[in-house]
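Peer 1: Quick one: structure below, then a few questions.
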Amino acid sequence: MCWRIWHLARVKKQIAWDDAQRLVKRRLEREQGRYDAEEDLSELSEGEKEKGDVKENNLVRYNSNMVAWSDNKSENLYIVLISLHGLVRGENMELGRDSDTGGQVKYVVELARALANTKGVYRVDLLTRQIASPEVDSSYGEPIEMLSYPPDGSGSCGAYIIRLPCGPNDKYIPKESLWPHIAEFVDASLGHVINMAQVLGEQVNGGKPTWPYVIHGHYADAGEVAAHLSGALNVPMVLTGHSLGRNKFEQLLKQGRLSREDINSTYKIMRRIEAEEVALDAAEMVVTSTKQEIEEQWGLYDGFDIKLERKLRARRRRGVSCLGRYMPRMMVIPPGMDFSYVKTQDFEGEGDLKSIMGSDKTQNKSHLPPIWSEVMRFFTNPHKPMILALSRPDPKKNVTTLLKAFGECRPLRELANLTLILGNRDDIEDMSNSSSSVLTTVLMLIDKYDLYGQVAYPKHHKQTEVPQIYRLAAKTKGVFINPALVEPFGLTLIEAAAYGLPIVATKNGGPVDIVKALTNGLLVDPHDQNAISEALLKLVADKNLWVECRKNGLRNIHKFSWPEHCRNYLSYVEHCRNRHPTARLEIIPSASEEPMSDSLRDVDDLSLRFSVDGEFKLNGDVDPASRQKEIIETLTRMAITKSGSGATYCPGRRQGLFVIAVDCYDVTGACTGSLPRVIKNVVKATATLSRTMGYVLLTGMSLQEIMEALQHSEISLEEFDALVCNSGSELYHPWKNMVADVDYEAHLDYRWPGENIRSMAGRLAKTDGGAEDDISEYVSVRSSRCFSYLVKPGAKTRRIEEIRQRMRMRGFRCHPVYTHAKTRLNVLPLFASRAQSLRYLSVRWGIDLSNVVMFVGEKGDTDYEDLIIGLHKTVIMKDLVECGSEELLRGEDSFKREDVVPQDSPNLVSIQGSEVSHISAALERFGGK
């Protein structure tokens, strides 16, 4: 037994040592990344540092060249908010029902209403998950819920909750189980936004699509969704973290209760952290509640460094190049509150509880709010000041330390009662392990300290009754307390202040800024129960201090109103949009019934106008007008000679796509004969559908390489509507004489560092101690949007997640991909990928992604996972691909494939080989015949 105890202690120390070493290594890498970036950037003089910033109450930071949002705005803005998990509805919110349905739900619903009521905003959509499960109320299965509609409104204006399918529709699953279904939600959201852009365009924009003014993701999962939507639509993105994975991960490691592996499997923490990094890559702005969140939480991420961000911001302000580096702007905008529920007497201080109900607690009971009676039935003396705590029964809310502080301080017990509003429950045994553990401990502590008659812990309350609970505490001249170990913001503190309650709050997180702005309470160390009891006793016993805190809170509460929040928010968004290269998309109208010749005459109007200047550039020296005419004549001749074949693409005529993305390489990286065979069999198996379905080829090869690979086969590239080459960085149209889509190239320009990353990318991919020639530039296939590097056989190179991490630490936002069986590394722009190119085409051609069928092998390039997830159907052909590159995607300590790819998706079908009969059978399973 002694040996076992010694062995376990030794193992625990080794784990702690390994974790500490990882943290040290990561810190050194971050410092090296910042050093590399600063070495390239010129130093600033003292007069150039942050001179344009002004601080007000340490809450909202203004920039000197930013104009405040005006109430006289007459724009018709469309804003998209995304909050994916939890139970989201406009009325009777079930806050506290579970760990996913908390303050974030209330925040996003109220934000949507407040923005819709702001001058200049026409419509706000809050996108969330649709849940049609008997476990939850049927309202969560309704696809649309109106939150607000202006009295003078018309058309589709107002605020709405839009519920979209995501994952199993008949189950309510926790946010940790939603990760494999993120791509489905992206595709469903993209379809909704496209449809709404067209509807709103007809109503307020003369028929031109009204694209979102901003896409705002809340929490890591919605942040990843917003990043992909932003990339597909070229719309500025904003992120609010609410709570952050890296901070939680480090806190859990310090507690020592769970190993790194247990934390990852329980909370999917590495998947969450990567989603937050992806969101940082794409975000123009990150909305935070406090400065502490910026410095101590976002500062932990590879994609943000506060010193480098300031240096880059100063360079932009001076008009100096940032050499391809980028950091999102962190803005402190505290959440707002809806004061419409606060009555005048709450500010004026209507009489205390004794004047309302008399000395006998049963007197006038029928006139009291029901929740008052529910709370007061616990108390022997309900007239004593009430200490109120309102939170989920979560260990990090630290309610047990509050109970110990109350139970062990006799003066406090004599002066006050304690009310714990810990969500709703029917039976503690039916709750989650963490919640039931907290509530069981609460009951045990009440019994230990014999607090019966002094502590209230009601089982149920409605969201509409929360204001009455605050009022009850204020009538008793009580105090509100938030003793959380860490509180990202602390919305309940603002709510309490609005009802005239002084506050005691944790000194870790947002409450520091709240108390500084309101000057209505005290801050405490949440681990020090003596400090908690002393602060509560001070406010309860000193009536003069209590009155002063109450007055200060009510006087300063306007700083946290929703109108104030929305004005600041829209001002910052407008400022961000001024430096975002937003392009105006034009959706090609459907022409399914139009004769082929008529469609061809309109090619000039149907060209892909996606660049900002709207010019359509063509390859070659012929002037654009002549070249366009030549293309129209050529396509017309092709249509006549191929009468009935349907192979020639005509914009607006396709209802769906067959996409071939099979990465067929041998061990040397050469394309095998499997690719032409797959293409031939797919075309043969789908011949009867080719009139309405087009063909697209997605590959990691260059255009020249794919042409060489197919030149001795019977495959004609004219069969394809589009060729996506070099891992998604180039898009060609065979029906336009193999012209590169320059509008797609312009779309990819966002944050592309260009030549600034060219020499560094190869160095970042090499491992320490590797040979100089392990990775060398492959000049013959490189392009302006893709830098390619050859990997020497047997060379040890860094995995994709490591390369991306090292790029982020230096301020570069790129997308690296290993292809050609690990023999080549492609470095692309942030939004360049095979999966994103498909979304681009779906927007431009008006094709629903659920009408797309993807053909892939059993393995492939490092972007393989992105290809098999989403709303499209995927046929996986086994025993077809000899060598893949996926082993260079992630390390063992990262998240797993099942955190990305759903295990039992109806959109995934596997077949043995690539024979025509097998393909036909797979399509029949999708309803393709």
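Peer 1: Quick one: I532 ticks every box in (1) surrounded by fewer than 24 Cβ atoms within 10 Å (Cβ to Cβ); (2) over 28 Å from G336 (Cβ atoms) except a single one, so which number is it?
Peer 2: All conditions are met except number (1).
Peer 1: Within the stretch 479-497, restricting attention to residues that are touching a Phe, Trp or Tyr at 6+ places or on another chain (Cβ under 9 Å) and at pLDDT 95 or above, which residue is nearest to N417 (Cα to Cα)?
Peer 2: Here the residue is V479.
Peer 1: Ok, one more. Please work out if L871 is part of a loop (DSSP other than H, G, I, E, B), surrounded by fewer than 22 Cβ atoms within 10 Å (Cβ to Cβ) and at pLDDT 95 or above.
Peer 2: yes
Peer 1: Same structure again: Please return the ranges of helices (runs of 4 or more DSSP H) entirely within the stretch 170-258 where 1 or more residues are at pLDDT 95 or above and open to solvent by 20 Å² or more (accessible area, probe 1.4 Å).
Peer 2: It comes to 182-204, 219-233.
Peer 1: Here is a check on your reading of the model: is A497 part of a loop (DSSP other than H, G, I, E, B), open to solvent by less than 40 Å² (accessible area, probe 1.4 Å) and of a type in the set (G, A, S)?
Peer 2: So A497 fails the test.
Peer 1: Inspect the stretch 512-530 for any residue being in a helix (DSSP H, G or I), over 32 Å from the mean Cα position of the chain (by Cα) and not β-branched (V, I, T) and give the result as yes or no.
Peer 2: There is at least one residue in the stretch 512-530 that is in a helix (DSSP H, G or I), over 32 Å from the mean Cα position of the chain (by Cα) and not β-branched (V, I, T).
Peer 1: Just give me the residues in the stretch 535-567 being assigned to a helix (DSSP H, G or I) and more than 41 Å from the chain's Cα centre (by Cα), in sequence order.
Peer 2: Once the filter is applied, which keeps residues that are assigned to a helix (DSSP H, G or I) and more than 41 Å from the chain's Cα centre (by Cα), the stretch 535-567 yields L537, K538, V540, A541, K543, N544, L545, W546, V547, E548.
Peer 1: While we're looking at this one, here's another question. Considering only residues that are assigned to a helix (DSSP H, G or I) and either open to solvent by less than 30 Å² (accessible area, probe 1.4 Å) or modelled with pLDDT under 90 (or both), which ones fall in the stretch 902-923?
Peer 2: Those that are assigned to a helix (DSSP H, G or I) and either open to solvent by less than 30 Å² (accessible area, probe 1.4 Å) or modelled with pLDDT under 90 (or both): I919, S920, A922, L923.
Peer 1: Then there's this: Of all residues in the stretch 813-833, how many are open to solvent by less than 20 Å² (accessible area, probe 1.4 Å) and either more than 14 Å from A282 (Cβ to Cβ) or assigned to a helix (DSSP H, G or I) (or both)?
Peer 2: 11
Peer 1: So, in the stretch 295-312, how many residues would count as being surrounded by fewer than 21 Cβ atoms within 10 Å (Cβ to Cβ) and either assigned to a strand (DSSP E or B) or free of Cβ contacts under 8 Å to residues at least 40 places away in the same chain (or both)?
Peer 2: So the answer is 4.
Peer 1: Also, quick follow-up: Name the residues in the stretch 684-706 that are of a type in the set (V, I, T) and under 38 Å from the mean Cα position of the chain (by Cα), would you?
Peer 2: If the condition is that a residue be of a type in the set (V, I, T) and under 38 Å from the mean Cα position of the chain (by Cα), then T686, T692, V696, T699, I706 are the ones that fit.
Peer 1: Here is a further query. What are the residue pairs meeting all of these: first residue in the stretch 686-706, first residue on the phi < 0 side of the Ramachandran plot, second residue surrounded by fewer than 18 Cβ atoms within 10 Å (Cβ to Cβ), Cβ atoms under 6 Å, and 6 or more apart or on different chains?
Peer 2: T692/Q655
Peer 1: Does L485 qualify as being surrounded by fewer than 19 Cβ atoms within 10 Å (Cβ to Cβ) and under 32 Å from the mean Cα position of the chain (by Cα)?
Peer 2: For L485, the condition - surrounded by fewer than 19 Cβ atoms within 10 Å (Cβ to Cβ) and under 32 Å from the mean Cα position of the chain (by Cα) - is met.
Peer 1: Another question about this same structure. Hey, does the stretch 804-811 have a residue that's touching a helix residue (DSSP H, G or I) at 6+ places or on another chain (Cβ under 6 Å) and of a type in the set (K, R)?
Peer 2: Among the residues of the stretch 804-811, at least one is touching a helix residue (DSSP H, G or I) at 6+ places or on another chain (Cβ under 6 Å) and of a type in the set (K, R), which makes the answer yes.
Peer 1: For the subset of the stretch 261-294 comprising residues that are open to solvent by 40 Å² or more (accessible area, probe 1.4 Å) and basic (K, R), which member is nearest to the chain's Cα centre (by Cα)?
Peer 2: Looking at residues that are open to solvent by 40 Å² or more (accessible area, probe 1.4 Å) and basic (K, R), I get K268.
Peer 1: Report the residue count in the stretch 73-98 for those that are among the small types (G, A, S) and surrounded by fewer than 19 Cβ atoms within 10 Å (Cβ to Cβ).
Peer 2: Total satisfying the criteria: 2.
Yes/no per residue for (1) of a type in the set (A, V, I, L, M, F, W, C); (2) free of Cβ contacts under 8 Å to residues at least 24 places away in the same chain; (3) more than 24 Å from R425 (Cβ to Cβ):
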{"position": "L84", "(1), (2), (3)": "yes, no, yes"}
{"position": "E94", "(1), (2), (3)": "no, no, no"}
{"position": "R97", "(1), (2), (3)": "no, no, no"}
{"position": "G103", "(1), (2), (3)": "no, no, no"}
{"position": "K106", "(1), (2), (3)": "no, no, no"}
{"position": "L127", "(1), (2), (3)": "yes, no, yes"}
{"position": "Q130", "(1), (2), (3)": "no, no, yes"}
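Peer 1: Mind listing whichever residues of the stretch 259-283 are of a type in the set (A, V, I, L, M, F, W, C) and not in a helix (DSSP H, G or I)?
Peer 2: Listed by number, the list holds a single entry, A283.
Peer 1: Let me ask something else. Being out of contact with any helix residue (DSSP H, G or I) (no Cβ under 7 Å at 6 or more places or on another chain), of a type in the set (V, I, T) and assigned to a loop (DSSP other than H, G, I, E, B) is the filter here, so list the residues in the stretch 687-730 that pass it.
Peer 2: T692
Peer 1: Check off (1) more than 30 Å from V108 (Cα to Cα); (2) in contact with a helix residue (DSSP H, G or I) (Cβ under 9 Å, 6 or more places away or on another chain) for L493 and give me the number that stays unchecked.
Peer 2: So the condition that L493 fails would be (1).
Peer 1: What number of residues within the stretch 437-461 are farther than 19 Å from M386 by Cβ and touching a residue at least 40 places away in the same chain (Cβ under 8 Å)?
Peer 2: Qualifying residue count, the stretch 437-461: 5.
Peer 1: Out of all the residues in the stretch 814-822, is one or more under 20 Å from the mean Cα position of the chain (by Cα) and in contact (Cβ under 8 Å) with a residue 12 or more places away in the chain?
Peer 2: Yes; the residues of the stretch 814-822 include at least one that is under 20 Å from the mean Cα position of the chain (by Cα) and in contact (Cβ under 8 Å) with a residue 12 or more places away in the chain.
Peer 1: Sort out which residues of the stretch 824-849 are polar (S, T, N, Q) and modelled with pLDDT under 95, and write them in order of number.
Peer 2: Matches in the stretch 824-849: S842 only.
Peer 1: I've got another one for you. Out of all the residues in the stretch 418-466, which are under 18 Å from M376 (Cα atoms), of a type in the set (D, E) and open to solvent by 70 Å² or more (accessible area, probe 1.4 Å)?
Peer 2: Answer for the stretch 418-466, where residues must be under 18 Å from M376 (Cα atoms), of a type in the set (D, E) and open to solvent by 70 Å² or more (accessible area, probe 1.4 Å): just D450.
Peer 1: Here is a follow-up. Hey, does the stretch 881-901 have a residue that's buried (at least 21 other Cβ atoms within 10 Å of the Cβ) and within 23 Å of T692 (Cβ to Cβ)?
Peer 2: No.
Peer 1: Determine whether the stretch 136-147 contains at least one residue that is closer than 27 Å to R271 by Cβ and part of a loop (DSSP other than H, G, I, E, B).
Peer 2: Scanning the stretch 136-147 turns up at least one residue that is closer than 27 Å to R271 by Cβ and part of a loop (DSSP other than H, G, I, E, B).
The values are calculated or read from the model by the stated rules, or taken from the named source; none is laboratory data. Quantities reported herein were computed from a predicted structural model and do not represent experimental measurements. Glycine gets a Cβ as well: all are built from the backbone with ideal geometry, and neighbour counts include every protein chain shown. The protein model used for the area step is the full one, side chains on, heavy atoms only, and it has no ligands, DNA or RNA in it. Shrake-Rupley method; radii C 1.70, N 1.55, O 1.52, S 1.80 Å.
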